[in-house]
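Engineer: Okay, handing you the structure first.
The values are calculated or read from the model by the stated rules, or taken from the named source; none is laboratory data. What you are looking at is a predicted structure, and each value in this text was computed from that prediction instead of being measured. For neighbour counting, all protein chains shown are included, and Cβ atoms are generated from backbone atoms with ideal geometry for every residue, glycine included.
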Amino acid sequence: MPDVPAGPATSPVIQLYHWVRRPIPFMEECAARYGDRFTIRLPIFGEAGDRPPLVFFSDPEAVKEIFTGNDDELRAGEANAPLLPLLGEHSLLMLDGARHLHERRLMMPPFHGERMQAYGETMCEVTDASIEAWPAGRPFPIHPHMQRIT
């Protein structure tokens, strides 16, 4: 296995517990302790004894390098293999090389320019309308309201 950045030495089960129960604080603690690149191991990916580590990057330049790197070296589809049962073989996250590029280009137009501006305006309108319907002066369950917004 190639060298990977440092990360927690606790068991994968303990790391999974922190990942599930408090993911953001766990990631922030790892970044504070190990830096912009760190590794965690979870017992839910791969076969016992053959579980790949998950390497996290938070430095913007490192993230840029990953997303613009040579697709012969950075094979996201191959790395995402443990997600195949959840995503299916035709998911963009499961593809590499020319097929990934082709599918990505097909998906990109709705995520650029004026369309994104229009999406943002619609999101604000939906959110404002939802907030106006919230009960005032008393606690209420927020989850159903958030679900409706999304």
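Engineer: Would you mind finding the one in Gly113, Gly120, Gly88 that is surrounded by fewer than 11 Cβ atoms within 10 Å (Cβ to Cβ), at pLDDT 85 or above and on the phi > 0 side of the Ramachandran plot?
Structural biologist: Gly88
Engineer: Now a separate question. Could you list all residues from region 9-46 that are in contact with a Lys or Arg (Cβ under 8 Å, 6 or more places away or on another chain) and within 19 Å of Phe57 (Cβ to Cβ)?
Structural biologist: If the condition is that a residue be in contact with a Lys or Arg (Cβ under 8 Å, 6 or more places away or on another chain) and within 19 Å of Phe57 (Cβ to Cβ), then Gln15, Arg41, Leu42, Phe45 are the ones that fit.
Engineer: Follow-up. Can you go through Glu65, Glu73, Glu89, Glu78 and tell me which one is within 25 Å of Glu28 (Cα to Cα), out of contact with any Gly (no Cβ under 8 Å at 6 or more places or on another chain) and among the acidic types (Asp, Glu)?
Structural biologist: Glu65
Engineer: Identify, by number, the condition in (1) surrounded by 11 or more Cβ atoms within 10 Å (Cβ to Cβ); (2) among the acidic types (Asp, Glu); (3) over 30 Å from Asp36 (Cβ atoms) that Glu132 doesn't meet.
Structural biologist: Tallying (1) surrounded by 11 or more Cβ atoms within 10 Å (Cβ to Cβ); (2) among the acidic types (Asp, Glu); (3) over 30 Å from Asp36 (Cβ atoms), Glu132 fails exactly one: (1).
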